[in-house]
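Chemist: Before we start, here is the structure in question, set down as structure tokens.
The values are calculated or read from the model by the stated rules, or taken from the named source; none is laboratory data. If you're wondering where the values come from, they're calculated on a predicted model, not measured in any experiment. Every residue, glycine as well, gets a Cβ built from its backbone with ideal geometry; the counts of neighbours run over all protein chains shown.
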Amino acid sequence: MSKYLSLAAVFIGIFFSSAILADSPSGFWQNPVIKAAGNMHPLPDGAFQPQKDVTYKAVFSLTKGEINKDKKQAADINEGLEAVARAVNLFASAGVPADHLKFVAIIHGGATPIVLDNAHYKKEFGVDNPNLKVIKQLEAAGVQIAVCGQAVAGWKYEYSWVNPDVKVALSAISTIIILQQQGYALMPE
């Protein structure tokens, strides 16, 4: 008898979870604001929910993603940009208005090539820059995207090669220090 009850409970659970997912406009994983990256699963009853009337300030330090010699990662969206997109999507799914998110992504180190315009990225890596769509969507959502000017010079890139949606900062070091003094939380990779 308990076998039948357990089996019935499993089927009821599957039925209700399928119904919930079917009602969800985007399914299990969602991208409420940044469509090109940052998949998240809504968890309205999860602990530490953002408050809708608070302004959140964060500086994301993106350093990872150096494309190796065989250029395998060249066609993939940078994992740091994915994290920024996920943060925007998470806060949006919790009902935080876009104007309450003061997010800055400072790109430096191994992540520097992701800011190249498409022509120079394609010339260097042989594929279109997959990060440009994410950068554009992040900017449209109010996220400021900047690259370390020292890193651009260190990679021997011309500043004119940087995607026009990306600001060239004096340095990542100065950007992070200045923003932390203004109350931004540092989100390292």
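Chemist: Condition test on residue 145, is it in contact with a strand residue (DSSP E or B) (Cβ under 6 Å, 6 or more places away or on another chain) and β-branched (Val, Ile, Thr)?
Modeler: Criteria met by residue 145.
Chemist: How many residues does region 38-59 contain that are surrounded by 10 or more Cβ atoms within 10 Å (Cβ to Cβ) and at positive phi?
Modeler: The number of residues fulfilling the criteria is 1.
Chemist: I'd like the full set of residues that are assigned to a helix (DSSP H, G or I), over 17 Å from the mean Cα position of the chain (by Cα) and modelled with pLDDT of 95 or more, limited to region 125-160.
Modeler: Answer for region 125-160, where residues must be assigned to a helix (DSSP H, G or I), over 17 Å from the mean Cα position of the chain (by Cα) and modelled with pLDDT of 95 or more: 149, 150, 151, 152, 153, 154, 159, 160.
Chemist: In region 93-108, how many residues are farther than 28 Å from residue 30 by Cα and modelled with pLDDT under 95?
Modeler: Residues in region 93-108 being farther than 28 Å from residue 30 by Cα and modelled with pLDDT under 95: 0 in total.
Chemist: Also, quick follow-up: So which residues in region 60-85 are of a type in the set (A, V, I, L, M, F, W, C) and surrounded by 14 or more Cβ atoms within 10 Å (Cβ to Cβ)?
Modeler: Listed by number, the residues that qualify are 60, 62, 67, 74, 77, 81, 83, 84, 85.
Chemist: A further question follows. What are the residues in region 101-124 that are of a type in the set (A, V, I, L, M, F, W, C), surrounded by 17 or more Cβ atoms within 10 Å (Cβ to Cβ) and part of a helix (DSSP H, G or I), if any?
Modeler: Filtering region 101-124 down to residues of a type in the set (A, V, I, L, M, F, W, C) leaves 101, 103-107, 111, 114-116, 119.
Subset that is surrounded by 17 or more Cβ atoms within 10 Å (Cβ to Cβ): 101, 103-107, 111, 114-116.
Within region 101-124, 111, 114, 115 meet the criteria.
Chemist: Name the single residue that is nearest to residue 33 (Cα to Cα) among those in region 97-142 being of a type in the set (Asp, Glu) and in contact with a strand residue (DSSP E or B) (Cβ under 8 Å, 6 or more places away or on another chain).
Modeler: 139
Chemist: Here is a further query. Filtering region 1-26 down to residues that are surrounded by 10 or more Cβ atoms within 10 Å (Cβ to Cβ) and in a loop (DSSP other than H, G, I, E, B), which residue is modelled with the lowest pLDDT?
Modeler: 24
Chemist: How about region 172-181: which of its residues are surrounded by fewer than 19 Cβ atoms within 10 Å (Cβ to Cβ) and either in contact (Cβ under 8 Å) with a residue 40 or more places away in the chain or in a strand (DSSP E or B) (or both)?
Modeler: 180
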